[in-house]
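Data block below; observations after.
The values are calculated or read from the model by the stated rules, or taken from the named source; none is laboratory data. From a predicted model like this one, the values you see are computed outputs, not experimental measurements. Neighbour counts are summed over all protein chains in view; Cβ atoms, including those assigned to glycine, are modelled from backbone coordinates with ideal geometry.
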Amino acid sequence: MLFRSNRISYLIGDVGEGKSILACKLVKDVIKATVDEQGYIIVPIYIDFESKYLSRHGLYQIDDSFFIDLFKEITRIIKGNPKFSRIAELDNCYLNPQSRDPIYCLQHLFRHLSTRLIRVFIIIDNIDRYHFFFSRYSFFPKYQNEQNKSIYNNIVGLINSFAENTGLHK
């Protein structure tokens, strides 16, 4: 794992190495804990990339719709838990159709939650298995190039979206 000062960590490993088991254990431990060492309530958000996006036809590219789904999932989980909902006061946090920028909406949501002493712990699991599913077509050069491009765009794009320049790390 790579730990950085912006509280973003990446767990990378081969298929079948136990990343998902570790992720589930982390979520279980976070649910048990009432607050972190700095007094923040931690809200775990678990996204199984494979099960959520495999039903779509073809290779899914992470784009604005992914971040819209992420925003909706975070607010759904917080609003669905009376403990989180009461503290979070999400009445002023919504996707703004005029801005058309889900990254901005996520930044606003994270800033708001931070003022309420809430941090979101996001786990995006099985992105490797999702791409592995499509590897059966990679024997053909056209599909191999498409798959390689999709893996690169999704993994690098996701990492860049949570990097310092977007503000999603705060």
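Scanning segment 37-55 for residues being farther than 14 Å from Cys24 by Cα, touching a residue at least 40 places away in the same chain (Cβ under 8 Å) and of a type in the set (Ser, Thr, Tyr) gives a total of 3. Pairing residues of segment 74-85 that are over 17 Å from Lys32 (Cα atoms) with residues that are part of a helix (DSSP H, G or I) and polar (S, T, N, Q), at Cβ distances under 8 Å and at least 6 apart in sequence or on separate chains, gives Lys79/Ser85. A count restricted to segment 56-94 and to residues that are modelled with pLDDT under 75, more than 17 Å from the chain's Cα centre (by Cα) and not in a helix (DSSP H, G or I) stands at 6.
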